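The values are calculated or read from the model by the stated rules, or taken from the named source; none is laboratory data. Everything numeric here is computed off the predicted structure, so don't read it as measured data. Cβ coordinates were reconstructed from backbone atoms using ideal geometry, including for glycine residues, and neighbour counts include every protein chain displayed. When the accessible area is computed, the model is the full protein with side chains, heavy atoms only, and any ligands, DNA or RNA have been set aside. Shrake-Rupley method; radii C 1.70, N 1.55, O 1.52, S 1.80 Å.
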Amino acid sequence: HFIVPKGFVTDFASVPRFLWGLFPPYGEYTEAAVIHDWLCFSKLVSEAEADAVFLRVMKECKVSGWRRWLMWSAVRAHHLLT
């Protein structure tokens with residue numbers, strides 16, 4: 001279990017604006033995105049672990065498999081390339 005402090009500022013899902021039609025900044029994956037942002041900000045776990053939590057929470061929130069995979073892949077690629 002993770003507790004995100006009240007007042008923590010998140011950008012929800014960091015999706016480029018041109019993709020908002022398929023992946024709006026918030027939706028069924030909002031909880032996963034907020035937890036992921038908190039884990040990355042707080043450095044409580046590695047980026048790879050934060051990404052794995054993001055994937056797991058999306059599954060628990062019943063985000064469809066294809067959407068989970070695409071969003072996780074984008075986040076993972078971002079962390080590997082930066």
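Placing pseudo-labels 7 Å out from each Cα toward the beta carbon at H79 and L22 gives an inter-label distance of 2.2 nm.
Using a Gaussian network model of the chain in which every pair of alpha carbons under 10 angstrom is joined by a spring, one finds that among F54, F12, F41 the greatest mean-square fluctuation is at F41.
Only Cα pairs under 8 Å and 6+ residues apart enter the sum, and on that basis the relative contact order of the chain stands at 25 percent. Looking at segment 26-82, the accessible area is 61 square angstrom per residue; that uses a 1.4 Å probe and ignores ligands, DNA and RNA. The calculated P(r) of the chain, using every Cα pair and 10 Å bins from 0, goes 18, 56, 25, 1 in percent. The lysines within cross-link reach of K43, meaning a Cα-to-Cα straight distance under 19 Å and a gap of 8 or more places when in the same chain, are K6.
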